[in-house]
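Worksheet: the structure to be examined is printed underneath.
The values are calculated or read from the model by the stated rules, or taken from the named source; none is laboratory data. Predicted, not measured: the structure shown is a model, and the values here were computed from it. With ideal geometry, Cβ positions are generated from the backbone for all residues, glycine too; neighbour counts draw on all protein chains shown. Remember, those area values only see protein heavy atoms, side chains included, never the ligands or the DNA or RNA. Shrake-Rupley method; radii C 1.70, N 1.55, O 1.52, S 1.80 Å.
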Amino acid sequence: MSWSRALKEAARSGLTVERAKLTPLVAIRGTAGVALVIGLCLWRGSPALAVSSAFGAFASGIVTFQRSMRPRPVLALAVAGALAVSTFLGYLAAAHVLAFVLLLTGWTFLAGLAWAIGPVSGLAGTQTVAIMLVTVTLPTSVPGALEHAALIAFGGLVQATLIVLFPVRPWGIQRDALADALAAEADYARRLRHDPVAPFDPAPLMHARAASTVTRRQARRRPAQLHGPRGLAERVRPVLASLADPVVGAPLEGPERDRVRELLGAAATVLDAVAHAVRHARPVRLPPEAMAVLEVPATGPMLSGPARRTAYRLISLLADAVELTDEPVEATRPTTEAERGHLLRPSVPRLVPVALRALHREARWSSHIFRHALRVAAVAAAGYLLGTALPFGHGYWAPLAAVMVMRPDFAQTYSRGVARFAGTLVGVAVAGVLMALAHPAPHVSAALAVVCVFLMYLLMRTGVSVTSACVAAYVVFLLGIAGAGWEQTVEERVVLTLLGGALAMLSYALFPAWETPRLRDRLADWLTANGRYALAVCDGYARPAARRPRQVREALLDARAARAAWETSEARAEKEPVRDRGLSLRAAHAAGGALAAMGRVTMIMEAHLPEKDAEPSPGAAAFAEALRPAVEHAAGAVRAGGRPDWSGPRAAWERWHAEDDDGVAVRATGLLLDALDDLTEALPANSGPDP
């Protein structure tokens, strides 16, 4: 993609206003926290103190809107504490330009690395940099700085208290994640009726798993409806795929295929009903037509062989899902030891070693997170020095604008930069006109600022440009409380925001971290993970008595994580102004489709794993022995720019097929080899290694 097209796409993406589900009650609660802090400071303090201290409640409220599975009060308190620390440290160095620039650079570098922990941590780190930049306007005494830091922490405490006292739809995020997973499987079942090999995106299941991972305190309070349906959803997916596949299921045409279509349609109806019940905390309501289809017919089209066994299993799983979801929504049960070991989220203190390990993994030159940290630290220091040198007050707005728009990837940085400038221009224009015409008193300005906060919280998910307009107007009204001239505010905000956005965009052009050259590595990682998953399943056929379900499960989760990393890289590469280096986007898309088919076939094989007392399969053992080194060599070939060779596994499969041409495993592994051959065909021939 050329630079002109990439910039055009980034600008269009940033200025797009999306339709999103609004949460007015949550927005009102967050706004009440900001209003309470501002009101108390105006009543007991001064307008200047109200302006500076409102940031704690404001930033804490922003973080609680993020898609995080951690309790909202914990997020508010953690962010407020970090903001208070950055405020005080910033004050200690604010009197000396060199010391402040060094502190700002180091702190911003650590905040940039926080993206390695997760997006919520990265956003929280960005907020701490923003409040540190604001500290240049603080009082000139240590007690005053301590008071300001305490008020920042108080703002987060207020938000946390309001969340506890006025909960809005408790467990709502967890319910939505689980319901989305069930609804995605219902859609998958409907698509399988017309396309027996339809693809399935495992992202909803991954989100549901993240949502079901709880702390010990949450485990004691979790509603009963959120306990069992996720595990059943995981088991339903391979059963649906196995039932629809014409190679291991019913024939592509005929009475058995008609029966399969009926079962898939009824399964979709049941899964949608369960999803609706989970989302809205209600009992399951099933139409009688769907229940009639799921009953075993006395006459009419009947299934046979593996399809019959799969149909019985599907009916049993759907019945279990309905039974579990019909439990009282308020009831809870003790968490078993297995659940605690498998789905227990570490508490905040125990999260520190996990975060340190994540930071250590990214401390390398090739990491895009590490490069982002270096980039944002340099831009923050340069922006502060330039903003201070310009003949404006509030020079910190230049680095503030740059830090708030910068992200680890190109597309988000550029789209957010365009959106932030456009939104800022609209926000300061509208707020400036109101200030010029009305000349509001401090209390009226405070009320207008609170209205802008409410609009920002309400419209936060609609787009960066909309929220930037609300934030810009909020700043104008907030400074109006302290008597700052609106003309100066508008001029400074526009010019310095433009400067900060330009610095952010220029930094990515001069010191990029392109994802395109990493596509081969991501593809090799996904191939390796898929290979381990296939080997774990094949071992279950080769040695049923020694089968370890947990090993298969962990291999599946690793394959899903590798697929998610690949899809993220591919999406980023599509928006980058970089020529392909050994792997074009068309080849990448075809290769990704081949590996997705490989994962689907392996999942079907997992659905038909034999019981532990079944006879071992020598053919499966020989195939696994041939596949293991082939996957290792293929991953190396993909990284080096070559093409994989699957002649060894193909020969082992042909011997297996000659001995047993009717088994589910041998037929499925044939499809697996076809997917691997498609991978080889998708990769360009005679290509050298990436530079």
Query - Criterion (surrounded by fewer than 17 Cβ atoms within 10 Å (Cβ to Cβ), modelled with pLDDT under 85 and either of a type in the set (A, V, I, L, M) or not in a helix (DSSP H, G or I) (or both)) met by exactly one of E295, E289 - result: E295
Requested in this report: List every residue pair whose Cβ atoms lie under 7 Å apart, where the two residues are 6 or more positions apart in sequence or sit on different chains, the first residue falls within region 107-124 and is more than 12 Å from L75 (Cβ to Cβ) and among the β-branched types (V, I, T), and the second residue, located anywhere, is at pLDDT below 85 and in a helix (DSSP H, G or I).
Outcome: I117/A355; I117/A358
Report task. Being under 22 Å from the mean Cα position of the chain (by Cα) and among the aliphatic types (A, V, I, L, M) is the filter; apply it to region 427-460 and report the residue that is surrounded by the fewest Cβ atoms within 10 Å (Cβ to Cβ). Result -> L459
Report summary line: Reported set for region 71-98 where residues are in a loop (DSSP other than H, G, I, E, B) and open to solvent by 40 Å² or more (accessible area, probe 1.4 Å) is A95, H96
Query raised in the report: Limited to region 557-581, what total is found for residues that are within 12 Å of L519 (Cα to Cα) and modelled with pLDDT under 80?
Result: 2
Report task. State yes or no: is L240 among the aliphatic types (A, V, I, L, M) and open to solvent by 50 Å² or more (accessible area, probe 1.4 Å)? Result -> no
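Residues checked against (1) of a type outside the set (V, I, T); (2) touching a Pro at 6+ places or on another chain (Cβ under 9 Å); (3) modelled with pLDDT under 80:
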residue: L448; (1), (2), (3): yes, yes, no
residue: L459; (1), (2), (3): yes, no, no
residue: V464; (1), (2), (3): no, no, no
residue: A473; (1), (2), (3): yes, no, no
residue: V494; (1), (2), (3): no, no, yes
residue: M505; (1), (2), (3): yes, no, no
Query - A591 vs. criteria crowded, with 20+ Cβ neighbours inside 10 Å, of a type outside the set (D, E, K, R) and in a helix (DSSP H, G or I) - result: yes
Query raised in the report: Which residue out of R340, R259 is modelled with pLDDT under 80 and of a type in the set (K, R)?
Result: R340
Query raised in the report: Which of the residues that make up region 633-691 are among the polar types (S, T, N, Q), surrounded by 17 or more Cβ atoms within 10 Å (Cβ to Cβ) and modelled with pLDDT under 85?
Result: S687
Requested in this report: Could you list all residues from region 248-260 that are touching a helix residue (DSSP H, G or I) at 6+ places or on another chain (Cβ under 7 Å) and surrounded by fewer than 18 Cβ atoms within 10 Å (Cβ to Cβ)?
Outcome: P251
Requested in this report: Assess whether E615 counts as being open to solvent by 30 Å² or more (accessible area, probe 1.4 Å) and assigned to a loop (DSSP other than H, G, I, E, B).
Outcome: yes
Requested in this report: Considering every residue within region 376-386, establish whether at least one is over 28 Å from the mean Cα position of the chain (by Cα), among the aromatic types (F, W, Y), at pLDDT 70 or above and over 30 Å from P71 (Cβ atoms).
Outcome: yes
Query raised in the report: Among the residues of region 171-195, which ones are open to solvent by 20 Å² or more (accessible area, probe 1.4 Å) and of a type outside the set (G, A, S)?
Result: W171, I173, Q174, D176, D180, D187, R190, R191, R193, H194, D195
Report task. Just name the residue that is most open to solvent (accessible area, probe 1.4 Å) out of those in region 200-237 that are outside any helix (DSSP H, G or I), within 30 Å of G592 (Cβ to Cβ) and not hydroxyl-bearing (S, T, Y). Result -> D201
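Every residue, every condition in (1) polar (S, T, N, Q); (2) buried (at least 20 other Cβ atoms within 10 Å of the Cβ), yes or no:
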| position | (1), (2) |
| --- | --- |
| L386 | no, no |
| M406 | no, yes |
| S415 | yes, yes |
| L425 | no, no |
| T462 | yes, no |
| S468 | yes, yes |
| A472 | no, yes |
Requested in this report: Check R375, R416 and return the single one that is among the basic types (K, R), over 24 Å from L478 (Cα atoms), touching a residue at least 60 places away in the same chain (Cβ under 8 Å) and assigned to a helix (DSSP H, G or I).
Outcome: R375
